[in-house]
Amino acid sequence: MIEPVTLFSAYLATKAMNSKAAAKLVECLRQSAAWYFAPLQEVRMARARAQTALIEDDTRTEIERRALTRVLFNETRRQKNIDDTLRFTVDVLPSTDDISDEPIGPDWLVQFFACVQDISNEQLQRVFASILANEIVKPGRCSRRTLDLLKNLEQSEAATFTTACSIAVHTPDFGFVAIPDGRAHGLPVQGLDLPLLRACGLLTLQPVDNLSFWPGAILHLCDGGRLRIGQRGAEMAFIVFTTAGRELAQVVRCAAPQLVRQKVVETLRHWYTDMEIVDPIVQE
């Protein structure tokens, strides 16, 4: 019988993954959730053969055979979803050795795989994969509550949130993520379904009207550009992400069109006239 993690370790080898992050991933799976997956492992195949035999048993009623067929189909689909998510995780694992030695909690891992087993949409699988990779680097970046929220997002809701992230600014530690409320200055906030994102638990219910940044503060844009506040400006309104929204914003990959990025900068400059672009915004 093949050990559950052996085949996944072999997959890592085919990707030339021998980093500390890859080793930690394998160890997490071995210690806490190895029984959840193992692509094509003998135990799973043996179980499948046994279930098939039960389905074909002449003593079973028709409804029992249909029930067993459904269970086998569902579990096979769930296994594929888990396997796909793990492969996407390998693709985004960092090569650096600056990885926390703190293990991922077994309860978090169990809930993670309980969520991804029912996610077949590739876009959401990749988001979950990035979340797992982030947890490997530093556990505690994403709560179990946020995992459940992400699992229940519709594809259209996820797309709307991605758009929101494309016009958001954040501080380096993701302690603050928000959208400048620049509706009066041409920023396309009005094109977003803000009530939808609030209903999903990703945005706070009301804009915050009295936020300002201290001189030297660095604001990050979705495209990797950075803005340095030269002097403290007037207070301005922001549409603020919830804790779950901030956690998910860490892993959302998005790129705003050049015009939208410039509108973000112009909106901020309305309040912070002394503002420096630290990293030039790449022209499309």
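The values are calculated or read from the model by the stated rules, or taken from the named source; none is laboratory data. Predicted model, so just to flag it, every value in this text is computed and none were measured. Cβ atoms come from the backbone with ideal geometry, glycine included; neighbour counts cover every protein chain shown.
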Open item on the list: For region 121-143, which positions are farther than 17 Å from ASP98 by Cα and either touching a strand residue (DSSP E or B) at 6+ places or on another chain (Cβ under 6 Å) or among the acidic types (Asp, Glu) (or both)?
Closed with: GLU122
Open item on the list: What's the number of the only condition in (1) over 19 Å from ASP148 (Cα atoms); (2) modelled with pLDDT of 85 or more that ASP107 fails to meet?
Closed with: (1)
TODO: Would you check which residues across region 118-144 are over 14 Å from GLN250 (Cβ atoms) and either touching a residue at least 60 places away in the same chain (Cβ under 8 Å) or assigned to a helix (DSSP H, G or I) (or both) and list them?
DONE: GLU122, GLN123, LEU124, GLN125, ARG144
TODO: Considering only region 116-131, state which residues are among the hydrophobic types (A, V, I, L, M, F, W, C) and within 12 Å of the chain's Cα centre (by Cα).
DONE: VAL116, LEU124, VAL127, PHE128, ALA129, ILE131
